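Asker: My questions will all concern the structure given below.
Since every read-out is calculated from the coordinates, none of them should be taken as a lab result. Everything numeric in this text was worked out from a predicted model, so none of it was measured. So basically every Cβ, Gly included, is an ideal-geometry build from the backbone, and we count neighbours across all protein chains shown.
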């Protein structure tokens, strides 16, 4: 599955779990999510429906992609501790993540290649 932040394709290592499988099914025809900045360390956006979840107390770091409340994707450029389902990790530096995500709301696209 490919993730684009705006027009930038980013390298992601996806988790092997039911949530990612559900997300891949939604992304087969391309899934666009309008994200909003939140808390100065993350972007949050609604998937549009609930998917499988297996929440666990997690401390996130820059690049982490998680599922929140079963129906929202969160991408971090900082750190937070909460109950999330891990979806994947963007393989970019903290500076690169901050550059992509800290300058206002973004749109992400998930699609199959």
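Asker: Given R₀ = 30 Å, what would the calculated FRET efficiency be for residue 71 paired with residue 112, taking r from the Cβ atoms and rounding to 0.05? Mind dumping the intermediate values first?
Answerer: Numbers: r = 21 Å, r/R0 = 0.69.
Approximately 0.90, to the nearest 0.05.
Asker: Find the Cα radius of gyration of the chain, compare it with 2.2 N^0.38 Å by division, and give the number to two decimals.
Answerer: Details: Rg = 12.5 Å, N = 113, 2.2 N^0.38 = 13.3 Å.
Here the answer is 0.94, to two decimals.
Asker: A follow-up question, please. Going by Cα centres, region 3-45 and region 74-100 are how many Å apart?
Answerer: Comparing the Cα centres of region 3-45 and region 74-100, I get a distance of 11 Å.
Asker: Length gain on complete extension for the stretch residue 29 to residue 102, per 0.36 nm per residue less the alpha carbon to alpha carbon distance?
Answerer: Details: separation 73, 0.36 × 73 = 26.28 nm, distance 2.81 nm.
Gain on stretching residue 29 to residue 102: 23.5 nm.
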